[in-house]
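Heads up: the structure comes next, in structure tokens.
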Amino acid sequence: MKHIAALILGLAALLLTPAGAAQAADPRLVPDVSSRAIDIQYSFTGEELLLFGAILYPGQRLPDDRADIVVVLKGPVRPVILREKRRVAGIWVNANSLRLRTSPGFYAIGSSRPIDKLVDERTAAIFELGLNNLSMSPTGFSEAKKLQRFEAGLIDLYTRLGLFYENPAAVEISEGVLYRARIPVPARVPVGTYRAETYLISRGRVLAVASRDVQIRKAGFERFVALAAEQHGFLYGLSAVALSLLLGVGASAIFRRR
């Protein structure tokens with residue numbers, strides 16, 4: 001029995017050794033962000049988030065092939081209803097509509113080189129690298145042309161609002177080891193939990209992936225109002241109506257005196 005147990009352990013060691021060696025040969029990423037939490041107050045006009053880190057190679061030896069870095073900041077994912085307007089008899093009316101199950105409220109990507117120079121279309125689609133590779137599944141069946149038209153419209157709208165951002169030269173790599181990239185966060189960014197992802201790419205393959213969470217939240221009076229509306233909806237509604245009536249009566253009294 002002892003010989004059989006020793007034989008089994010020996011075979012297991014032989015089977016596991018190549019996998020362990022392969023894992024040890026892969027580089028690792030050590031990422032970080034300049035701020036783990038962004039507070040939105042009445043004076044918030046936007047912020048610039050710094051994504052930085054280091055590439056750790058086995059034996060601290062740099063490879064001859066150049067490695068590239070892609071950073072992505074995205075979140076929160078939520079369903080969205082898109083409506084297409086058409087002009088009928090001189091009036092703009094809602095025509096077609098489409099509901100998307102998974103649409104990020106914010107998506108920003110930066111890279112050391114253009115994405116199409118780093119990976120093929122299949123890899124870019126798997127990791128959702130690039131605005132055109134976002135996975136936004138519609139609810140129910142939808143024609144391919146209609147889906148492409150609505151997705152293109154959403155990307156164009158969010159890009160103009162600053163909620164979608166793509167920069168193929170945002171990442172700077174120093175000495176082949178240290179990297180950094182600045183991602184602009186606009187004032188109208190939605191609150192929620194975001195993921196700052198870093199991809200290490202070489203020869204068309206994703207060698208390593210690492211991520212950090214970033215919280216974007218309301219603070220101060222804005223946070224108080226948001227919590228009141230969420231936790232005490234009925235009282236919040238009554239207060240809003242009472243405040244509107246009070247302001248209306250006050251404005252009316254002022255104009256009467258004049």
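Extending 7 Å from the Cα toward the beta-carbon at both Ala37 and Asn167 defines two label points whose distance is 2.6 nm.
Please list, by residue number, every one of the chymotrypsin sites (Phe, Trp or Tyr not before Pro) in the stretch 75-131 that is coil in DSSP and has at most 10 other beta-carbon atoms within 10 Å.
Numbers: sites: Trp92, Phe106, Tyr107, Phe127; in loops: Phe106, Phe127.
Taking the stretch 75-131 and a limit of 10 other Cβ atoms within 10 Å, no loop chymotrypsin sites (Phe, Trp or Tyr not before Pro) are found.
Taking 32 Å as the limit for the C-alpha separation, the pairs Lys117/Lys145; Lys74/Lys117; Lys85/Lys117; Lys145/Lys218 exceed it in the case of Lys85/Lys117; Lys145/Lys218.
Taken one residue at a time, the phi angles of the stretch 25-36 give Karplus couplings (6.51, -1.76, 1.60, θ = phi - 60°) of 7, 7, x, 10, 10, 10, x, 7, 10, 5, 8, 7 Hz. Gly and Pro are set to x. I need the chymotrypsin sites (Phe, Trp or Tyr not before Pro) found in the stretch 27-64, filtered to DSSP loop residues with at most 11 other beta carbons within 10 Å of theirs. Here the chymotrypsin sites (Phe, Trp or Tyr not before Pro) that fit, given the DSSP loop and packing criteria, are Tyr42.
Each reported figure results from applying straightforward, stated rules to the coordinates on display, with no laboratory input. Source: prediction; values computed, not measured. Every residue, glycine among them, receives a Cβ derived from its backbone with ideal geometry; neighbour counts consider all protein chains shown.
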